[in-house]
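Have a look at the structure below, then the notes.
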Ligand SMILES: Cc1ncc(C[n+]2csc(CCOP(=O)(O)OP(=O)(O)O)c2C)c(N)n1
């Protein structure tokens, strides 16, 4: 990846965080922590990798993305808006009963392929989309984004087993391994242990990367796409609340709304990060 592209994707990731924070401020609600851990991943997917066209959101050959951790709309909607699926001003109605910007990903929002929110189910949907592509041969790739708390759901492992049995090499799952779930660390609540070993034993090609390094994400996605006969799992090591010092790694910021002073500080830190990237 050249330097210009790298900087562009890094800036986009910070822009997604700033946009997401504005959404939460307007709505006074939303999941910040697990959205901010995803910013670089979505930046690379939507601004480098995915074959999508906002003018044709239902194009049959478009790449599919299933946000299995469907609460992370504070990351997904800014990515879709910045990519041009709908105007940024639509985000002002986030979580408003009269708007269409629901708190969890819903297909009413342009660019969303599958409604999610009930953890554990999205990967099965992604597997279905990938299996359909094997039959239709439309040439699209399916991406699924999972939470590391989410994979405590049994259905995830059923979907993994099936994806491997069907040799779905057109499926890339990305695990947002931020080590924190709703009310504590993964280790404290239900230690998932050796994840790479587990996914490998379920028949996946597994990579483990720094999930905030846009170049590493891009390379891992390329490698995953080149693997034959196996689905891929990218374990992206991330930080919950990434980019805002007082939120990083803290489960309390899973879904808490900042107060006025906290918003101010968070915007300040993110804007400083953005300006630094512009230097
Ligand atoms: C089936 C189900 N149970 C519980 C919830 C409530 N819930 C929403 S997010 C969350 C924590 C998920 O943790 P993780 O997957 O690690 O998400 P992240 O930390 O990346 O935001 C829970 C329990 C849900 N949405 N669905």
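With respect to residue 37, determine if the residue is buried (at least 16 other Cβ atoms within 10 Å of the Cβ) and farther than 26 Å from residue 260 by Cβ. No. One residue is enough: does region 111-129 have a residue meeting the conditions surrounded by 21 or more Cβ atoms within 10 Å (Cβ to Cβ), touching a strand residue (DSSP E or B) at 6+ places or on another chain (Cβ under 6 Å), at pLDDT 95 or above and within 19 Å of residue 200 (Cα to Cα)? Checked against the condition, which is being surrounded by 21 or more Cβ atoms within 10 Å (Cβ to Cβ), touching a strand residue (DSSP E or B) at 6+ places or on another chain (Cβ under 6 Å), at pLDDT 95 or above and within 19 Å of residue 200 (Cα to Cα), region 111-129 yields at least one hit. I'd like to check something: does region 113-135 contain any residue that is more than 19 Å from residue 171 (Cα to Cα), away from the ligand (no atom under 16 Å from the Cβ) and more than 18 Å from the chain's Cα centre (by Cα)? Checked against the condition, which is being more than 19 Å from residue 171 (Cα to Cα), away from the ligand (no atom under 16 Å from the Cβ) and more than 18 Å from the chain's Cα centre (by Cα), region 113-135 yields no hits at all. Selection of region 138-164 for residues being part of a loop (DSSP other than H, G, I, E, B) and under 20 Å from residue 237 (Cα atoms) yields 148, 149, 153.
With respect to (1) over 26 Å from residue 151 (Cβ atoms); (2) touching a residue at least 60 places away in the same chain (Cβ under 8 Å); (3) touching a helix residue (DSSP H, G or I) at 6+ places or on another chain (Cβ under 7 Å), the lone exception for residue 83 is condition (2). For region 149-165, the set of residues classified as in contact with a strand residue (DSSP E or B) (Cβ under 7 Å, 6 or more places away or on another chain) and closer than 14 Å to residue 130 by Cα consists of 163 only. Elements of the type helices (runs of 4 or more DSSP H) sitting completely within region 165-279 and holding at least 2 residues that are under 16 Å from the mean Cα position of the chain (by Cα) and at pLDDT below 95: there are none.
Is it fair to say residue 168 is surrounded by fewer than 15 Cβ atoms within 10 Å (Cβ to Cβ), away from the ligand (no atom under 14 Å from the Cβ) and over 24 Å from residue 247 (Cα atoms)? In short, no.
Condition check ((1) outside any loop (DSSP other than H, G, I, E, B); (2) modelled with pLDDT of 95 or more; (3) within 13 Å of the ligand (Cβ to nearest atom)) across all residues:
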{"position": "24", "(1), (2), (3)": "yes, yes, no"}
{"position": "31", "(1), (2), (3)": "no, yes, yes"}
{"position": "43", "(1), (2), (3)": "yes, yes, no"}
{"position": "46", "(1), (2), (3)": "yes, yes, no"}
{"position": "52", "(1), (2), (3)": "no, yes, no"}
{"position": "58", "(1), (2), (3)": "no, yes, no"}
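Of the numbered criteria (1) modelled with pLDDT of 95 or more; (2) farther than 17 Å from residue 140 by Cα; (3) surrounded by fewer than 22 Cβ atoms within 10 Å (Cβ to Cβ), the one residue 69 fails is (3). Every condition in (1) away from the ligand (no atom under 16 Å from the Cβ); (2) surrounded by fewer than 17 Cβ atoms within 10 Å (Cβ to Cβ); (3) closer than 27 Å to residue 233 by Cβ holds for residue 64 except the one numbered (2).
The values are calculated or read from the model by the stated rules, or taken from the named source; none is laboratory data. Keep in mind the model is a prediction, meaning the values are calculated, not measured. Ideal geometry is used to build each Cβ from the backbone, glycine not excepted, and the neighbour counts take in all protein chains shown.
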